[in-house]
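To keep things clear, I will list the structure first and then write my remarks on it.
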């Protein structure tokens, strides 16, 4: 239960002598990655419609979300160390 894996996954990894790692913290990062994917889709759509993207408007929000994902990932990895 503490591994965050199903019983079957845990047993298979234990039997194959793979290191069992709890990946529950990754769930916090998923919403941020989804938002970034949505933003990239919107940028691609604007680029296809207009032939250009207003980077001064689009880029700061995108970079803010990228930094948030890195922050969450670093926080998760520090807990694992």
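The numbers here are math on the coordinates, done by the rules we state, and not lab data. Just so you know, these numbers come straight off a predicted model, no measurement behind them. Every residue, glycine among them, receives a Cβ derived from its backbone with ideal geometry; neighbour counts consider all protein chains shown.
Structural remarks
- Length released on extending from residue 43 to residue 14, taking residue separation times 0.36 nm less the Cα-Cα span: 6.1 nm
- Between the beta carbons of residue 1 and residue 76, assuming R0 = 25 Å, the FRET efficiency works out to 0.85 to the nearest 0.05.
- When only Cα pairs below 8 angstrom with a gap of at least 6 residues are kept, the chain shows a relative contact order of 29 percent.
- Per-pair calculated FRET efficiency, R0 = 41 Å: residue 22 and residue 56 via Cβ, rounded to 0.05: 0.50
- Cα long-axis angle, helix 30-50 against the chain (0 to 90 degrees, to the nearest 10): 30 degrees
- Rounded to 10°, Cα long-axis angle of helix 55-80 versus longest principal axis of the chain: 10 degrees
- For the chain, adding -39500 (n - 2.57) for each run of n ≥ 4 DSSP H residues and dividing by the number of residues yields -23500 deg cm²/dmol at 222 nm.
- Computed log₁₀ I(q)/I(0) - Debye formula, equal Cα scatterers, no solvent, the chain, q 0.20 Å⁻¹: -0.90
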